[in-house]
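These notes are about the structure you will find just below.
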Amino acid sequence: MTTAMPPARFQHLVVGYDGSPPASRARDAAARQLQGRPGRIDVVYVAHLSSLVALSPGAVAEMEEDFDEIEKDLHAQADELRGSGAAWEFERRQGTIADQLIAGATAIGEAHPDENVAIIVGSSSHATHRVVGSVAVGLARHSPVPLIIVP
């Protein structure tokens with residue numbers, strides 16, 4: 001007796017992306033994860049204003065211009081996904097990185113409750129992140145969806 005495999009569920013992969021080598025590894029891992037599977041990669045750049053910058057209206061305006069330029073560069077880098085054949089979108093969000101990745105994944109899950117949602121981020125090897133914490137650590141503690149941390 002042969003039993004047919006159920007169809008694979010659609011995968012939404014939310015990738016935290018800032019153009020760094022760990023983020024690029026996460027983007028590439030997401031593309032590999034979707035090979036032969038139905039899904040989409042949501043590449044998310046989170047523009048984060050430090051509390052010090054937020055105190056100065058002039059600094060905020062200058063940072064917003066910088067964020068616009070960074071967004072253009074990161075969107076162009078994310079376009080490398082085109083060669084993978086995976087469907088993808090690019091989004092810029094504002095706020096705390098871990099919170100915004102969770103918010104994005106949660107919104108997708110609420111909009112598509114019958115589909116799988118996961119967050120993918122790269123791990124950082126910076127010594128300060130081991131002491132103070134990193135985005136990956138914050139996500140590991142608080143993410144309501146599966147989290148994949150790419151070394």
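Taking each residue of the range 59-80 that is at negative phi and without any contact (Cβ under 8 Å) to a residue 60 or more places away in the chain and looking for partners that are in a helix (DSSP H, G or I) and loosely packed, with under 12 Cβ neighbours inside 10 Å with beta-carbon atoms closer than 8 Å, six or more apart or interchain, yields VAL60/ALA54. Identify all residues within the range 12-53 that are free of Cβ contacts under 8 Å to residues at least 40 places away in the same chain and farther than 22 Å from ASN116 by Cβ; write none if there are none. Once the filter is applied, which keeps residues that are free of Cβ contacts under 8 Å to residues at least 40 places away in the same chain and farther than 22 Å from ASN116 by Cβ, the range 12-53 yields SER50, SER51, LEU52, VAL53. Taken across the range 103-110, residues that are modelled with pLDDT of 95 or more, surrounded by fewer than 15 Cβ atoms within 10 Å (Cβ to Cβ) and at negative phi do occur, with at least one present. Looking at LEU139, is it within 22 Å of ASP28 (Cα to Cα) and modelled with pLDDT under 95? For LEU139, the condition - within 22 Å of ASP28 (Cα to Cα) and modelled with pLDDT under 95 - is met.
The values are calculated or read from the model by the stated rules, or taken from the named source; none is laboratory data. Note that the structure is a prediction, hence the values are computed from the model and not measured. Heads up, the Cβs are rebuilt from the backbone with ideal geometry, glycines too, and the neighbour counts pull from every protein chain shown.
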